[in-house]
1. Restricting the range 37-76 to residues that are outside any helix (DSSP H, G or I) and more than 28 Å from T2 (Cα to Cα), which is modelled with the lowest pLDDT?
2. Please enumerate the residues belonging to the range 1-36 that are of a type in the set (A, V, I, L, M), modelled with pLDDT of 90 or more and either touching a Gly at 6+ places or on another chain (Cβ under 6 Å) or open to solvent by less than 80 Å² (accessible area, probe 1.4 Å) (or both).
Amino acid sequence: MTYALWIVQTLLALVFLFSGGLKLVTPIEELTAQMLVPGLFLRFISVCEMLGAVGLILPGLLRIRPDLTPLARPGW
């Protein structure tokens with residue numbers, strides 16, 4: 001069960017890193033052309049996604065407050 005949890009956490013963290021990184025490197029003009037959301041707000045969302053990826057992996061990996069890991073996952 002532990003291996004399954006780590007696999008799911010890692011995959012979810014990779015998805016967060018990919019989507020957040022893609023929003024960070026894409027020019028703001030292209031992002032705002034696709035969505036009707038301000039560009040700085042999209043940058044904020046991308047930083048939050050990347051921090052969520054770090055929050056999914058680091059607490060369990062370093063064994064520092066692993067009880068915080070469920071707070072980093074999306075609200076299902």
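1. Top of the filtered list is V37.
2. L12, A13, L17, L24, I28
The values are calculated or read from the model by the stated rules, or taken from the named source; none is laboratory data. Owing to the predicted nature of the structure, the values given are computational and were not obtained by experimental measurement. For neighbour counting, all protein chains shown are included, and Cβ atoms are generated from backbone atoms with ideal geometry for every residue, glycine included. Just so you know, the surface numbers come from the protein's heavy atoms only, side chains and all, with ligands and any DNA or RNA stripped out. Shrake-Rupley method; radii C 1.70, N 1.55, O 1.52, S 1.80 Å.
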